[in-house]
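The values are calculated or read from the model by the stated rules, or taken from the named source; none is laboratory data. Please read these numbers as outputs of a predicted model, since none were measured by experiment. Positions of Cβ are backbone-derived with ideal geometry, glycine not excepted, and every protein chain shown enters the neighbour counts. With ligands, DNA and RNA removed, areas are computed over all heavy atoms of the protein, side chains included. Shrake-Rupley method; radii C 1.70, N 1.55, O 1.52, S 1.80 Å.
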Amino acid sequence: MTEPQSSKVPGVTTIQYLGPGLGFNGVDGRDPRGLVHTGVLSALLDDVTARVSLSNTPDKPAFTANFKLEYLHPVAVDSFVVLDAWVTKVDGRKTFIASYIADAITQQVLVKAESLFVCAV
């Protein structure tokens, strides 16, 4: 499940509970299908990759230049997931980060992402 890191920069791993109110605007904000809204998943991955970027360039602000998501499987509400992110490459002001969301029980990868952060001059 966890990919090897290609740099000395530590990655970030977190466990998150996805409550029933994170679905697609059903009755009372709940998704009648029992699925987490993909925008929530995107925000979670954006947060975890930004934390990795900050640990790579703590003295310089960096900004998301590219954020590519691949939704592999639906994510159920009322579940626990693991978010993992790590640096894959550093090239000057650019930091490339890979991440994923996996089911905490089955370890099945549900969403994968690739990010590019660029440091301000």
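A few remarks follow.
- Accessible-area composition of the chain, carbon plus sulfur, in percent [1.4 Å probe]: 54 percent
- Per residue Cα convex hull volume in Å³ - calculated over the chain: 99 Å³
- Label zone of K89 (point 7 Å out along Cα→Cβ, amide N under 15 Å): in segment 99-121 this covers 99, 114-118.
- Segment A43-T106, length gained on full extension (0.36 nm per residue, minus Cα span): 20.4 nm
- Tilt relative to the chain, helix 38-56 - C-alpha long axis, 0 to 90 degrees, to 10: 20 degrees
- For E114 and K60, a Förster radius of 22 Å and the Cβ-Cβ distance give a FRET efficiency of 0.55, rounded to the nearest 0.05.
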